[in-house]
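Notes for the one structure printed next.
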Amino acid sequence: MLKKFVFALALCAGMVAFGKDWYVDANGGNDDWDGSCRYEDRDESASPVKGPKKTLQGTMKISGLKRNDVVHAAPGVY
């Protein structure tokens, strides 16, 4: 019985897909940026600029956005 439980647990663990984190910041973001990091961690010398999107709509248009990804929204009015 324990072997079946361990097998089932391992099977379920293998099915968990980890997503990527994306960021949006109504106050400091820019929809031309890639959405890959918080405003404080932005890199404006990179191409494309690494930083948060400004709008939720802009975040939803990220080409790399997948099913299990998480969008972190900074406090603000969206």
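The values are calculated or read from the model by the stated rules, or taken from the named source; none is laboratory data. Just so you know, these numbers come straight off a predicted model, no measurement behind them. With ideal geometry, Cβ positions are generated from the backbone for all residues, glycine too; neighbour counts draw on all protein chains shown. Accessible surface is based on the protein model in full, side chains and every heavy atom, while ligands, DNA and RNA are left aside. Shrake-Rupley method; radii C 1.70, N 1.55, O 1.52, S 1.80 Å.
Coupling constants for the stretch 70-78 follow from the phi torsions by the Karplus curve (6.51 cos²θ - 1.76 cosθ + 1.60, θ = phi - 60°), and in residue order they are 10, 9, 9, 9, 6, x, x, 9, 10 Hz; glycine and proline get x. Listed by chain and number, the aspartates and glutamates placed with their C-alpha closer than 14 angstrom to that of LYS61 are ASP31, ASP32, ASP34, ASP69; residues fewer than eight positions away on the same chain are left out.
Determine, for each peptide in 66-73, 30-37, the mean count of other beta carbons within 10 angstrom over its residues, then list the peptides with the highest first. Before the final figure, lay out each step's value.
Numbers: 66-73: 12.2, 30-37: 19.4.
Going by the mean number of other Cβ atoms within 10 Å, highest first, we get 30-37, 66-73.
In order along the stretch 28-36, the Karplus-derived 3J(HN,Hα) couplings, from 6.51 cos²θ - 1.76 cosθ + 1.60 at θ = phi - 60°, round to x, x, 8, 5, 7, 7, 7, x, 8 Hz, and Gly and Pro are given as x.
All other residues with a Cβ under 12 Å from the Cβ of CYS37 taken together, and with Lys, Arg as +1 and Asp, Glu as -1, what is their net charge? List each step's numbers first, then the result.
Numbers: positive: LYS20, ARG38, ARG42, LYS50, LYS53; negative: ASP21, ASP25, ASP34, GLU40, ASP41, ASP43, GLU44.
Overall, the nearby charge balance is -2.
A 1.4 Å probe, protein heavy atoms only, puts the accessible area of LYS54 near 80 Å². Coupling constants for the stretch 47-54 follow from the phi torsions by the Karplus curve (6.51 cos²θ - 1.76 cosθ + 1.60, θ = phi - 60°), and in residue order they are 10, x, 4, 8, x, x, 6, 8 Hz; glycine and proline get x.
Taking amide H as placed 1.01 Å from N in the peptide plane, the amide H of HIS72 sits under 5 Å from that of TRP22, TYR23, VAL24, each at least 5 places away or on another chain.
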